[in-house]
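Down below is the structure, laid out as structure tokens.
The values are calculated or read from the model by the stated rules, or taken from the named source; none is laboratory data. Just so we're clear, the structure is a prediction, and the values are computed from it rather than from any experiment. FYI the Cβ positions are ideal-geometry reconstructions off the backbone, even for glycines, and counts take in every protein chain you see. The area values use the complete protein model at the heavy-atom level, side chains included, leaving out ligands, DNA and RNA. Shrake-Rupley method; radii C 1.70, N 1.55, O 1.52, S 1.80 Å.
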Number of protein chains: 4
Amino acid sequence: MKAHKIHSGWKNTLHEIIYEADTPLGKLFDLVLIILIVLSVVLVMLESVKEIDVHYHKVLLTLEWVITIFFTLEYIARLISIKKPWKYVFSFYGIIDFVSTIPLYLSYILAGSQVLLAVRAFRLLRIFRILKLVKFMGEASQLKAALKASRAKIAVFIYVVLILSVIMGTIMYLIESDEAGFTSIPRSIYWTIVTLTTVGYGDIAPQTNLGQFLATVIMILGYGIIAVPTGIVTVEFSRHKKGQTAASVVHTNTQACPSCAAEGHRDDATNCYNCGDLL
Amino acid sequence: MKAHKIHSGWKNTLHEIIYEADTPLGKLFDLVLIILIVLSVVLVMLESVKEIDVHYHKVLLTLEWVITIFFTLEYIARLISIKKPWKYVFSFYGIIDFVSTIPLYLSYILAGSQVLLAVRAFRLLRIFRILKLVKFMGEASQLKAALKASRAKIAVFIYVVLILSVIMGTIMYLIESDEAGFTSIPRSIYWTIVTLTTVGYGDIAPQTNLGQFLATVIMILGYGIIAVPTGIVTVEFSRHKKGQTAASVVHTNTQACPSCAAEGHRDDATNCYNCGDLL
Amino acid sequence: MKAHKIHSGWKNTLHEIIYEADTPLGKLFDLVLIILIVLSVVLVMLESVKEIDVHYHKVLLTLEWVITIFFTLEYIARLISIKKPWKYVFSFYGIIDFVSTIPLYLSYILAGSQVLLAVRAFRLLRIFRILKLVKFMGEASQLKAALKASRAKIAVFIYVVLILSVIMGTIMYLIESDEAGFTSIPRSIYWTIVTLTTVGYGDIAPQTNLGQFLATVIMILGYGIIAVPTGIVTVEFSRHKKGQTAASVVHTNTQACPSCAAEGHRDDATNCYNCGDLL
Amino acid sequence: MKAHKIHSGWKNTLHEIIYEADTPLGKLFDLVLIILIVLSVVLVMLESVKEIDVHYHKVLLTLEWVITIFFTLEYIARLISIKKPWKYVFSFYGIIDFVSTIPLYLSYILAGSQVLLAVRAFRLLRIFRILKLVKFMGEASQLKAALKASRAKIAVFIYVVLILSVIMGTIMYLIESDEAGFTSIPRSIYWTIVTLTTVGYGDIAPQTNLGQFLATVIMILGYGIIAVPTGIVTVEFSRHKKGQTAASVVHTNTQACPSCAAEGHRDDATNCYNCGDLL
């Protein structure tokens, strides 16, 4: 860790604990956070199971309160320890943090906002931030780079798949009757995608001979064209693998800007690339 | 744009707007056309949903008339602004354009031609022509080249899959009874393809032990042989990627021949490769 | 065609027409044969559809007799024109030819041998021999070589998949009850393979929470391990592609040995590699 | 086989027969063991089929006793012929061997322990040890090495798939009602994984328009992201293939340490890499 710390005091320490992961306390904080996030998502799941909710409603609610209070304190600490709080509040993770915290409060203010409680499952998204801890990060960024490079080709592929689905869905709607489940063109398109992607629920299935023949064509098409995204991604992975072996070094720095919480600074950076403040 | 324009007048300008996409007006025209095509396909879908059609029939019909009139005017403009109209009329896109325009008129002439209205969904095919606009075009042509190169191998693959399906389907017909859904050999073949492509609707499913054992063999076969098209396409992509990096340059020219509307001319072309007229 | 013909007479000419494909008559014969084979398989299919068989039984039977007589004559011609008939009779294609010819005769001798009629679908296998005609043959042999090279790895893969299926199937049998369809271990294994290969009929589906959790694990496993055969085959294809570009030339010779009907001789061969006779 | 044997006597011979596979007797022993393991697993399966168990219960039980006694003797022989029996007892295969042997005994001691009888299917795991025999072993170790190298990337992939499933499952739970089968969030997540992996049972299927639209998104996602593990594994296979051609040689040595039964010694090893004893 070359970057020299200039700011000091408890706010700075708090910032290091909450936003970074290269001190023992920072790592501990992240670990506790991950456990609480996973626990809170498990709570959401258990509450949705009627048999469990009936018997353990109180236990689940108490645990939910404990987690909500922790998340509230954490949110306040994040606001205090950063220099430009508004930038954090309106950042992607700032919004996720806020939305993760409020559902329980809202359920008391708004009647019938039980739906909001399920929103808590989005807390899982927070884990992605804390992944700084995990050593797999380099691998993930490699995958991301390869996927990014093949983005345009995959977009073309999905575009062709969608047009094909609309046209095939319309044809199937003309051929098959309502009784087979093809009640409207959107539903026929839904069936076409179910078939093309080889999912095949069977809730809607062609009954006529012509319909079954066409379904066969769609299936073989779907079975074959899966080769296209696979080919694209494989070639891209292969290129990235070679590139990486030869030259590039992945810079994993867990520091976050004390002003705007931007991450991914170079190891030798002294200023934030986002707001220019000293790190 | 090196190619020099010799013809002039409003016909020429109209040709540039309608058939090409390198002037601001040409781009605007294509954008409007894409929006109208997508809108008209959404209309087709909405009309097929009974609940929506009952309430909004008039609105949908009015919008459909607006689009039909626009498409009619566009079709006439295409005919006027081109030097060899018959060549356009009988070209692939000429037929698509015509078929996209007439359904609403026909529904008044022919009774019970509601089926024709669904044909409007084919308008989506028109979008492929306008894709000149989109920057993904280079990617698409790369994919197309790779698929073209692996065409023969994929044909062999599909051929083997089909023969396998017929033979396996016949065996399953002999083993399984009518009650399980294997009522005829074509239907058994349909089931075999459903299984081999790992779609698996479940509308027909083997009931006997021997049938289930054979189904298992078909599944593992289908699960394994998907590797074949994937392998073919991946290797082909990999070759094209290398080739492209080394030498080839993709020539994207949005010009269309003023005589026959042929596209894909070289950047430095002065004559149409199709009819020989000056560009 | 370098190989010099020593034998002469009508037997030799017949041999060339029936077994080879490098004379116009030989090509015509193969074309007629392919059409008749496909037609006869279509007949088998149509007969199995009750509604069609009821109305057109006589037409179908007449056509079947025409084809059977042609196949009988062809079989006799094959026997006459070859020097070592017994070697042909007990070769793979000799047996297929015989089995393709007799079902109609047998259905008159043996009562209730309707099952034998369906055996006619195996006639499709005969097409593989006639593929000499098709130019895709080089591609097919490339695919075959690549698959042959990855045979051992694919065997290991299928072996692991089967062991996994047996163990997972047994566990699911212990967890799930009879009502969910898991009535015996073989049936549970059937379900496991249906799930692992991502076919998913839904005729048997887990009902308990633990069963559904385990099913989830099997699905993700199956979803992931499909990568293994794909990877193997892709790498093998890639190697063969490279090898082929550099050095190897595919020798496609449509000649067949006049004595034993062995095929695949080198272009410059003068003696059969199988029986040593002159070509 | 360079490694010199120092220990002698019948224990040593027994060790060679049971633990190794480079003597004729050792190979025979392994072959008998494989047949008995497969037979015993088939017995477990047949017993679970009610119709078969009713008629042949006595035959099956007798055969099971024969196998159990053989396995008991084998287990005792393994204990006697090894120098450090406790190390074997608590090794992976030691536990598997023990668990494979006792179920029949336990079913007499404990009432209602029929469940234990199904545990016998785990005997299949024993086959992996005996695979020393099979020549495919080099291939298997190659596959294993490639999968090991792509482990981290596949972990990232599964992690992303799981988070996606939880979030998508929660959204579907909010959209779809109980009647469609989305009775709780865990069940919705189960459905999401069924859909994402393209298994698609159809026991739970979305009914609302919004639900079907979202299902469509999940399907296309699942259809597309299968490319990721495939790409990873293919690239890894490709690297291992190249590495292997260039330098590495696979050392397949079937010797096992006489003290601790550790395997995989180098061909030129004189001491066990695990416990240091002479081989």
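Quick notes on this one:
- Distance between modelled label sites at A:Trp10 and A:Ile163, nm, 7 Å Cα→Cβ extension: 6.4
- The range B:74-102-the range B:152-200 distance, computed between alpha-carbon centres (Å): 43
- Taken residue by residue and averaged, Cβ atoms of other chains lying within 10 Å of the Cβ of A:121-129 number 3.
- Each Lys or Arg adds one and each Asp or Glu takes one away; over the other residues whose Cβ falls under 12 Å from the Cβ of D:Val89, this sums to +2.
- Label-to-label distance, nm, for residues given as B:Phe213 and B:Thr72 (7 Å Cα→Cβ offset): 6.8
- With a 10 Å cut-off around each Cβ of C:154-166, the average count of Cβ atoms from other chains is 5.
- Solvent exposure ordering (accessible area, 1.4 Å, most first) of C:Leu162, C:Leu28: C:Leu28, C:Leu162
- Net charge, D:Leu28 excluded, C-beta distance under 13 Å - Lys, Arg +1, Asp, Glu -1: -3
- For the range D:2-132, the Stokes-Einstein estimate of translational diffusion at 20 °C and a viscosity of 1.002 mPa s comes to 134 µm²/s, using the Kirkwood hydrodynamic radius over alpha-carbon pairs.
- Charge tally for C:Ser48 (other residues, Cβ to Cβ under 12 Å; Lys, Arg +1; Asp, Glu -1): -1.
- Solvent-accessible area buried by A and D, counting both chains, probe 1.4 angstrom, square angstrom: 3900
- Under Karplus coefficients 6.51, -1.76 and 1.60, residue-wise ³J(HN,Hα) of the range B:213-221 in Hz, glycine/proline x: 5, 5, 4, 4, 4, 4, 4, 5, 4
- Sequence-ordered 3J(HN,Hα) estimates for the range A:93-99 from the Karplus curve with 6.51, -1.76 and 1.60 and θ = phi - 60° stand at 6, x, 5, 4, 4, 5, 5 Hz, glycine and proline given as x.
- Rg to Rh, two decimals, where the range B:145-248 supplies the alpha carbon set and Rh follows Kirkwood: 1.17
- Magnitude of the charge dipole for the range B:2-132, about its Cα centre and with charges confined to Cβ atoms of Lys, Arg (+1) and Asp, Glu (-1), is about 580 debye.
- Average beta-carbon neighbours from other chains, 10 Å sphere, peptide A:212-225: 6
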